[in-house]
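Before any comments, here is the structure.
The values are calculated or read from the model by the stated rules, or taken from the named source; none is laboratory data. Please read these numbers as outputs of a predicted model, since none were measured by experiment. Quick reminder, even Gly has a Cβ in these numbers, built from the backbone with ideal geometry, and neighbours come from all protein chains shown. When the accessible area is computed, the model is the full protein with side chains, heavy atoms only, and any ligands, DNA or RNA have been set aside. Shrake-Rupley method; radii C 1.70, N 1.55, O 1.52, S 1.80 Å.
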Amino acid sequence: MITFGPVPSRRLGQSLGINNIPSMKICSYECVYCQVGKTKRHIQQRVSCYEPIIIYNSVKTHLEKLQDVDKPDYLTFVANGEPTLDVNLGTTIKMLKEFSLPIAVITNASMLFNSDVRHDLMSADWVSVKVDSAIESIWRSLNKPILSLKFNELLSGILNFSKEFKGKLVTETMLISGFNDTEDSLSETAGFISKLGASLSYLSIPTRPPYIKTIEASDENAITMAYQFFTKYGLSTELLLEYEGAHTGFTGNAMEDIISICSVHPLRKDALFQLLEKDKADPVILDILLQTEAIQKVEYNSESFYVRKFKF
Ligand code: SF4
């Protein structure tokens, strides 16, 4: 189940998700707030995931099943892990151009030191790079990069990419209480981002359950301070503080729709029940998915979410 949605995106409207990392989570980071769980393969070497034609066919079939009203605004690479670890990413993006939809990639930016990765992303129309902190010790404790990643290479990789990329570049900074919401961190982060010429800088907080349950979003004072630092550095800044909404596209196969969305995107209870209704599916499907441990229920901020449960 490579494609999912479209799901409402706070940045991209209706976004047809492409999960180009198969089954378990593969990432160069293990962010404390990650919504797809603990990293199972913590690597920085690119690996072969799906053949590009497999992803192409999956997108094609998915688009054909959607009703006109659910046609997506973007095809978005958003994986259960880091999409640029897929060595076939560039070829896949080029193949997907055939659908005449803009292509977005949400990356943690850790691989941008690699010129092949930067080259692959040149064919995308919109790229979001994660910059949670421009202070190394905070980056290490918050994003938990694989130890072989070098901080100076991370920053120079992002800078090089920002100079080379001709599409729309945005940044995202996830604000986490007690980690990157201090004056020092916010000032350094805003200062670094101001060198990138990004069209927009998003300040966000977790709106879905993080894999470490004790992690908390920054409070209103810290969010306000972050906004002030970012605007002081001349950054066009938007806050992403709300849940995106429950409307998701559907394919008629409720079980597949739920599993594929939950693999990269915890699904809030109301969204899941709307999906069952649109797929004209028996709600007993939810019991089956829970009993077979394909998904599990998690409580967060007084809401129930369903997340994928991987078996190894
Ligand atoms: S939030 Fe993104 S970059 Fe961080 S661990 Fe999760 S998948 Fe990796």
Checklist entry - Going by alpha carbons, how many degrees (0 to 90, nearest 10) lie between the helix axis of 254-264 and the longest principal axis of the chain? => result 10 degrees
Item to check | 1.4 Å probe accessible area per residue over the chain, in Å² | outcome: 42 Å²
Checklist outcome for this item: Helix-only [θ] at 222 nm, the chain, -39500 (n - 2.57) per DSSP H run of 4+, per residue, nearest 500, equals -10000 deg cm²/dmol
Checklist outcome for this item: Expressed to two decimals, segment 1-150 has a Cα Rg over Rh, using the Kirkwood radius, of 0.96
Checklist entry - residue 302 to residue 280: FRET efficiency via 1/(1 + (r/R0)^6), r the Cβ-Cβ distance, R0 35 Å, to the nearest 0.05? => result 0.70
Checklist entry - In the Gaussian network model of the chain, springs joining C-alpha atoms below 10 Å, which of 258, 53, 43 carries the largest mean-square fluctuation? => result 53
Item to check | Whole-Å distance, taken between Cα centres, linking segment 277-293 and segment 13-92 | outcome: 24 Å
Checklist entry - Between residue 293 and residue 151, what is the spin-label point distance in nm, taking each point 7 Å from the Cα along the Cα→C-beta axis? => result 4.0 nm
Checklist outcome for this item: Debye calc, one equal point scatterer per Cα of the chain, no solvent, log10 I(q)/I(0) at q = 0.07, 0.09 1/Å comes to -0.25, -0.42
Next on the checklist: Averaging over every viewing direction, what projected area does the convex hull of the Cα atoms of segment 181-297 cover, in nm²?
Outcome noted: 9.1 nm²
Checklist entry - To the nearest 10 degrees, how steeply does helix 52-65 sit against the main Cα axis of the chain, on a 0 to 90 scale? => result 60 degrees
Next on the checklist: Quick check on packing: order 202-214, 98-110, 287-299, 148-160 by the mean number of other C-beta atoms within 10 Å, highest mean leading.
Outcome noted: 98-110, 202-214, 148-160, 287-299
Next on the checklist: Using +1 at the C-beta of Lys and Arg and -1 at the C-beta of Asp and Glu, which of 222, 9, 29 has the Cα lying farthest in the positive direction of the dipole of the chain?
Outcome noted: 29
Item to check | Magnitude of the charge dipole, the chain, Cβ model with Lys/Arg +1 and Asp/Glu -1, debye to 20 | outcome: 700 debye
Item to check | Residue-wise HN-Hα coupling along segment 70-76, computed from phi with Karplus coefficients 6.51, -1.76, 1.60 (Hz; x: Gly, Pro) | outcome: 9, 4, x, 7, 9, 9, 10
Item to check | Compactness relative to 2.2 N^0.38 Å, alpha carbon Rg of segment 156-195 | outcome: 1.35
Item to check | Most mobile of 16, 239, 85 in a GNM of the chain (Cα contacts under 10 Å) | outcome: 239
Checklist entry - Of the beta bridges DSSP finds with both residues in the chain, what % are antiparallel, to the nearest 5? => result 35 percent
Next on the checklist: Students often forget the sequence filter, so: which lysines lie under 30 Å Cα-Cα from residue 232 once same-chain residues fewer than 8 apart are removed?
Outcome noted: 130, 144, 150, 163, 166, 168, 195
Item to check | Label-reachable residues, segment 114-147, where backbone N falls under 16 Å from a point 7 Å from residue 212's Cα toward its Cβ | outcome: 132-133, 136-147
Checklist entry - Among 30, 136, what's the order by accessible area (1.4 angstrom probe), most exposed first? => result 136, 30
